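Report on the structure given below.
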Amino acid sequence: MKRKTKSKVEVTFIYIFFLIMFVIIGYPLFWAIMMSINPGTNMLVTDLFPDSPTLEHYKWLFTDPNSDYLVWYKNSLFVAVLNAVGSVVITSLIAYAFSRYKFVGRKYGLYMFLLLQMFPALMGMVALYILLNTIGLTDSLWGLLIIYLGGQIPFNAWLVKGYFDTIPKELDEAAKIDGAGHLRIFWTIMLPLAKPILAVVALFNFMAPFMDFLLPRIVLTSPENYTLALGLYNFINDQFSTNFTRFAAGAILIALPIALVFLLLQRYLISGLTSGATKG
């Protein structure tokens with residue numbers, strides 16, 4: 001087979017693969033969008049292309065007195081914003097210490113971070129619940145936030161530490177000659193140069209409270225403290241519940257704040273990819 005023909009065949013198979021993946025990923029999303037504009041509430045009588053599309057389900061989420069959707073949305077935004085900001089602050093400080101300081105236990109601390117990433121979060125659910133119950137933070141958004149902040153440290157610290165290692169230490173030494181201390185170096189040199197990786201950390205940790213169901217299910221018990229994933233689950237959890245179209249409408253709206261944060265951080269994410277390709 002000629003090289004040109006072989007190249008065309010390879011490109012064709014690549015496009016076929018991408019098309020199949022697009023269908024697999026896009027079909028559930030398209031179905032959810034179509035379900036959200038179907039009249040009625042039962043999933044079994046919805047059409048892929050509704051004859052009379054309606055936005056009544058979206059209106060119901062925000063206007064009906066029996067809907068707690070706005071409360072769940074507020075709770076999710078509260079946890080997501082604090083989790084994103086707190087994760088960036090905590091992770092960057094820990095990563096800076098492991099990247100620039102030499103101290104006893106540094107090597108084994110990194111190994112511990114790597115080891116902790118190997119175990120699923122499900123293994124610690126019972127211990128986490130007992131811990132929150134001991135300090136009186138069960139059924140509390142603050143308790144949920146503490147678990148998110150602590151659980152993200154191993155992976156994110158390892159990730160950001162690797163990025164900090166690519167920043168030349170000569171910049172630190174030059175700043176020290178000018179009289180800058182560690183905190184000033186961290187604030188004026190390390191953080192501005194690490195914006196791309198910190199943007200990734202912020203985005204991932206902002207998304208987590210919107211996507212996670214298992215942890216809020218264990219920690220939260222009061223409907224007024226539910227996050228979106230847990231609240232929407234209760235739309236279809238009851239034995240005689242048929243709120244599938246409302247569930248779909250609520251699920252679609254989850255993407256709005258995530259998409260907004262992605263757009264705000266997009267230039268940092270793109271610069272992170274391009275700089276990562278040229279570093280080293």
Region 213-262: translational diffusion in µm²/s, Stokes-Einstein, Kirkwood Rh over Cα pairs, 4 °C, 1.567 mPa s: 109 µm²/s
Would you list which lysines come within 28 Å of Lys169, measuring only between C-alpha atoms, while excluding same-chain residues fewer than 8 positions from it? Lys102, Lys107, Lys161, Lys195, Lys279
With angles folded into 0 to 90 degrees, how steeply does helix 69-100 sit against the dominant principal axis of the chain? Use alpha carbons for both and round to 10. 20 degrees
Answer rounded, prolate or oblate for region 8-113, using the Cα gyration tensor with square roots of eigenvalues a ≥ b ≥ c: rounded when a/c is under 1.5, else prolate when a/b is larger than b/c, else oblate. oblate
Once you mark the trypsin sites (Lys or Arg not before Pro) that are in a DSSP loop and have at most 10 other Cβ atoms within 10 Å, what is the longest gap between them in the chain? 103-278
Cα gyration tensor of the chain diagonalised, 5x eigenvalues square-rooted, in angstrom largest first, produces semi-axes 40, 29, 17
Residue order for Phe119, Phe206 - accessible surface, 1.4 angstrom probe, largest first: Phe119, Phe206
Please state the relative contact order of region 28-167 as a whole percent: Cα pairs under 8 Å, 6+ residues apart? 26 percent
Roughly speaking, to the nearest percent, how much of region 42-171's 1.4 Å accessible area is carbon and sulfur? 71 percent
To the nearest 10 degrees, how steeply does helix 228-237 sit against the main Cα axis of the chain, on a 0 to 90 scale? 30 degrees
For region 71-170, accessible area per residue (1.4 Å probe, heavy atoms of protein chains only), Å²: 55 Å²
Rounded to whole Hz, the Karplus (6.51, -1.76, 1.60) HN-Hα couplings of region 159-172, x for glycine and proline: 5, 5, 4, x, 6, 4, 5, 7, 7, x, 6, 4, 5, 5
Put Glu170, Glu56 in order of accessible area, largest first, 1.4 Å probe: what do you get? Glu170, Glu56
Let me check something: with ligands and nucleic acids excluded, how do Ile20, Ile185 order by accessible area (1.4 Å probe), largest to smallest? Ile20, Ile185
Mean separation of Cα contacts under 8 Å (6+ apart) over length of the chain, as relative contact order %: 30 percent
Coordinate range along principal axes, alpha carbons of region 83-125, Å, largest first: 33, 27, 11
Estimated [θ] at 222 nm from DSSP helical runs (n ≥ 4, -39500 (n - 2.57)) normalised by residues in the chain, nearest 500: -23500 deg cm²/dmol
In degrees between 0 and 90, to the nearest 10, how far off the longest principal axis of the chain does helix 125-134 point, with axes built from Cα atoms? 80 degrees
Percent relative contact order of region 127-279, based on C-alpha pairs within less than 8 angstrom and at least six residues apart? 28 percent
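The values are calculated or read from the model by the stated rules, or taken from the named source; none is laboratory data. Quantities reported herein were computed from a predicted structural model and do not represent experimental measurements. Note that we place each Cβ from the backbone using ideal geometry, even for glycine, and neighbour counts take in every protein chain shown. For the accessible areas, the whole protein counts, side chains as well, though only heavy atoms, and no ligand, DNA or RNA atoms are used. Shrake-Rupley method; radii C 1.70, N 1.55, O 1.52, S 1.80 Å.
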